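Below is one structure, written out as structure tokens; comments come after it.
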Amino acid sequence: QVQLVESGGDLVPAGGSLRLSCVVSRSTVSLYAVGWYRQAPGKGRELVARITSGGSTNYADSVKGRFTISRDNAKNTVYLQTNSLKPEDTAVYYCSAQATPSGYNYWGRGTQVTVSS
């Protein structure tokens with residue numbers, strides 16, 4: 001069982017920045033991967049960024065060069081630094097973790113990011 005708690009969402013103007021945090025109930029290094037997903041109103045949930053236990057990262061094309069995923073192993077926390085935010089980045093952002101490559105996805109409750117134009 002893995003619990004995840006997200007924070008850091010807010011209302012920001014276009015061009016602004018936010019740092020989202022995901023506190024994980026166990027060592028992030030022990031997990032296969034931790035990722036950030038988002039779901040905009042009326043749309044499906046999409047992968048934004050992911051980091052593996054080995055430190056490899058991947059990003060959605062729409063956020064490359066603007067968002068950065070990182071982790072603090074001592075704090076069991078994964079961050080998503082979001083820069084140059086656009087109105088289309090508005091969504092609920094969820095943190096998810098997998099213990100193994102084919103394992104179950106654990107989810108947090110999400111944090112709302114709203115970008116005003």
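The values are calculated or read from the model by the stated rules, or taken from the named source; none is laboratory data. Everything quoted here is computed from the prediction, not taken from an experiment. Cβ coordinates were reconstructed from backbone atoms using ideal geometry, including for glycine residues, and neighbour counts include every protein chain displayed. Side chains are part of the model used for accessible areas, which takes the heavy atoms of the whole protein and leaves out ligands, DNA and RNA. Shrake-Rupley method; radii C 1.70, N 1.55, O 1.52, S 1.80 Å.
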Span from the the stretch 20-44 Cα centroid across to the the stretch 56-84 one, whole angstrom: 10 Å
Residues in the stretch 10-53 that a label on D61 would reach, taking backbone N under 17 Å of a point 7 Å out along Cα→Cβ: 46-49
Whole-percent carbon and sulfur share, accessible surface of the stretch 8-106, 1.4 Å: 48 percent
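Averaged per residue, what accessible area in Å² does the stretch 1-107 show with a 1.4 Å probe, protein chains only?
49 Å²
More than 20 Å apart: what percent of Cα pairs in the stretch 11-68 qualify? Please report the intermediate quantities before stating the final value.
Details: 566 of 1653 pairs.
Value for the stretch 11-68: 34 percent of Cα pairs lie more than 20 Å apart.
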Candidate aspartates and glutamates for bridging to K86, where Cα separation is under 19 Å - those fewer than 8 sequence places away on the same chain excluded: D10, E46, D61
Given charges at Cβ of Lys, Arg, Asp, Glu: the chain dipole, positive-most of T100, G55, G9: T100
